[in-house]
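The values are calculated or read from the model by the stated rules, or taken from the named source; none is laboratory data. Remember, predicted model here, so these are calculated numbers, not experimental data. Glycine gets a Cβ as well: all are built from the backbone with ideal geometry, and neighbour counts include every protein chain shown. Each accessible area value is taken on the protein alone, full model and side chains, heavy atoms only, with ligands, DNA and RNA left out. Shrake-Rupley method; radii C 1.70, N 1.55, O 1.52, S 1.80 Å.
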Amino acid sequence: MFSSVWDFIKRHKKKFIFTGAVVGGVYLLSKYAQKKIKEVQEKEASEYIAQARRQFHFESNQRTCNMTVLSMLPPLREAIVVQLNSESLTAMLKTKPANKLEIWEDLKIISFTRTIVAVYSTCMLVVLLRVQLNIIGGYLYLDNSVGKSAASPLTPPDVQQQYLSSIQHLLGDGLTELISRVKTAVQSSLDGVSLKQSLSLLELEQQLIWIRAEVDSGRPLSSYMLAGDEDVLADQACGLTENDLVTIRLLNETRDMLDSPDLSKVLSACLNRGFSRLLDNLAEFFRLPVSDSGPNCAPDSLSVVSLPLAKIIPIINGQINFVCSETPSHFVQDLLLNDQVKEFAAIVYETFSTPQELQK
């Protein structure tokens, strides 16, 4: 029996060798495939965790942006009111001075100027802080990434503080220059409009469109948001510390972002939405009283109701409290939740949270 089995094996030896090789190869391939699948799964899991962590950090950073904007609105409002003090003019009018008409003319220009400046500067504040805090946020993400040495952060706390203090330009010299530009446009548009002349909301909107067109046709709006290349730090040619150099680099990166066509589109979208919200708020003062609107009246009275400019001025004058409100108003919420603002913020964060070697 055993000899017959042995004879059978010898006769079919090549087949057995081939079959064994195939089975062994399949086994090895199976093991190799399992190993590779495991490696791919582990890599995908690691990438998913990293992406989730990055997304969580980004969203947390956006909440910080929103809170920072709200905290900066009171000092912005105060800076505008100090330079465009209409309250002193209204106080003078109560004393019935001889130059009453002249004071009213000044009040007209200042009231429109400060509300329009409030819209522009609030939009600029939202956009600038979105850029700055997402640049910092991107670098902080890299600082906290696995394998990054905590001893050499990309943005040390002193650098962050120094860099973010550049927002003072928008509240200082930048605001002064913006006020001058807007005031010139307001005078050009409203100087010939009598205090007794009545305006509908649509006519008031047209005045705002003319003023915006003149303001926007001047120097780039980004120049009001951040000091030029002749930064204060750059003037200190000698004795610059390593942190100063890092801050200058951050400021230059910020200027690059502010000068980009994408940011111009985002700021324009914010301004469009901001002025639209302002007109929505003004519309409440141009509606017919309920008792005057019969069943046959047109549903939209905004093109019918007109108010003398002298009555519109106090309404315009008070809008700064609506625009620069630190409590989340419809105006501020519309800017913070604007899709284009959020998309641009994501681009900035993505740019600065990606390791440089991956960007090359």
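Laid out as a table, the results:
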read-out	value
Boolean, residue 89 is more than 15 Å from the chain's Cα centre (by Cα) and within 17 Å of residue 175 (Cβ to Cβ)	no
Test: residue 199 is part of a strand (DSSP E or B) and in contact with a helix residue (DSSP H, G or I) (Cβ under 9 Å, 6 or more places away or on another chain)	yes
Test: residue 244 is modelled with pLDDT under 90 and outside any helix (DSSP H, G or I)	no
Residue list for the stretch 340-350, filter: of a type in the set (Val, Ile, Thr) and open to solvent by less than 50 Å² (accessible area, probe 1.4 Å)	341, 348
Residue identified as more than 30 Å from residue 154 (Cα to Cα) and either open to solvent by less than 40 Å² (accessible area, probe 1.4 Å) or modelled with pLDDT of 90 or more (or both) among 268, 260	268
Residue 67 open to solvent by 40 Å² or more (accessible area, probe 1.4 Å), over 25 Å from the mean Cα position of the chain (by Cα) and on the phi < 0 side of the Ramachandran plot	no
Conditions (1) surrounded by 14 or more Cβ atoms within 10 Å (Cβ to Cβ); (2) within 28 Å of residue 317 (Cα to Cα); number of the one not met by residue 217	(1)
Residue identified as open to solvent by 60 Å² or more (accessible area, probe 1.4 Å), modelled with pLDDT under 90 and at negative phi among 192, 147, 228	192
